[in-house]
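Structure first, commentary second.
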Amino acid sequence: MPVYEYACPTCAHVTEAIRRMAEADAALPCEKCGAPAKRQHSTFLAESAKPATTSQPWAGGPGGGGCGCGNPHGPCNR
């Protein structure tokens, strides 16, 4: 389930909650004052310590190659 961020308009307390997507826009009671907190639009950054690598096309996927070797001209004789 996704994590959503909520902010209380009464006391400005911000909290996170794990909720189903169907419940995401429903108000959440503030942990500090009990007023209905509203969902905020959040952004995040994902980084990796490993260098980026190129991916190989899978069989039948974009780029062709029926055996998964990445040959766009068809299957090889592996």
> Considering only residues of region 13-50 that are more than 20 Å from the chain's Cα centre (by Cα) and part of a strand (DSSP E or B), which is surrounded by the most Cβ atoms within 10 Å (Cβ to Cβ)?
Replying inline: Ala37
> In region 1-12, what residues are outside any strand (DSSP E or B) and β-branched (Val, Ile, Thr)?
Replying inline: Thr10
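Each reported figure results from applying straightforward, stated rules to the coordinates on display, with no laboratory input. Here the structure is a predicted model, which is why all the values come from computation and not from measurement. Backbone-built Cβ (ideal geometry, glycine too); neighbour counts: all protein chains shown.
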